[in-house]
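Reading through the structure tokens given below for one structure.
The values are calculated or read from the model by the stated rules, or taken from the named source; none is laboratory data. Being a predicted model, the structure only gives us computed values, none of them experimental. All Cβ positions, glycine included, derive from the backbone under ideal geometry; neighbour counts span all protein chains shown.
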Amino acid sequence: MIIDKIENAGLYTGISERIKTALDYIQNTDFSIMGNGNYEIEGDTIFALINEYKTKNANESFLEGHRDYIDVQYIVEGFEQVGVVMLDGQKAIKEYDANDDFVLFTEKHSLVSLKKDMFVIFFPDDLHMPGLKIGKPALVKKVVVKVKI
């Protein structure tokens, strides 16, 4: 997992060309004029999901993991906490769905806070539970760029 401010994105562009493309897209796109939906960047290799939602309690959510895609999550507006834990042999509560590239878990996790203009990169070993409230529910606009491994 990598967590940072988008102004520091250049520090991570050497990881891979696809992650560089994802970070460039985030830095060079005006998300304030874009609505919820799926946006193609490079076919099914790199694409963006934009979503607005209210944050919730951790007991209303599950940890998720991915095998085929890396998540680059960017907070456009608002703030949230994300539950995180490393994948280390935990038993899934919902087996892997290859069509949607996710598996679900319930595990003890740590919390990290994200606010406007911050991003986090989740790799396949990073189980994550996004969209958790800090105090009371708040509106969040987030971009998730999916990067095929």
Exercise. Please indicate, with yes or no, whether at least one residue in region 36-49 is surrounded by 19 or more Cβ atoms within 10 Å (Cβ to Cβ) and without any contact (Cβ under 8 Å) to a residue 60 or more places away in the chain.
Key: no
Practice problem: May I ask you to say which residue of Lys142, Lys146 is out of contact with any Phe, Trp or Tyr (no Cβ under 6 Å at 6 or more places or on another chain) and more than 15 Å from Met1 (Cβ to Cβ)? | Solution: Lys142
Practice problem: Report those strands (runs of 3 or more DSSP E) wholly inside region 53-125 carrying at least 2 residues which are surrounded by 15 or more Cβ atoms within 10 Å (Cβ to Cβ) and of a type in the set (D, E, K, R). | Solution: 69-77
Self-check item: Unique match (being closer than 19 Å to Gly78 by Cβ and either of a type in the set (S, T, N, Q) or within 15 Å of the chain's Cα centre (by Cα) (or both)) among Thr45, Thr13, Thr29, Thr21
Solution: Thr29
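Any idea which of Lys91, Lys20 is without any contact (Cβ under 8 Å) to a residue 40 or more places away in the chain, over 15 Å from Leu132 (Cα atoms) and in contact with a Ser or Thr (Cβ under 6 Å, 6 or more places away or on another chain)?
It is Lys20.
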Quiz item: Checking Leu139 against (1) modelled with pLDDT of 95 or more; (2) surrounded by 15 or more Cβ atoms within 10 Å (Cβ to Cβ); (3) at negative phi, which single condition isn't satisfied?
Solution: (2)
Quiz prompt | Test for Ser113: is it touching a strand residue (DSSP E or B) at 6+ places or on another chain (Cβ under 8 Å) and either under 12 Å from His128 (Cβ atoms) or at pLDDT below 95 (or both) | solution = no
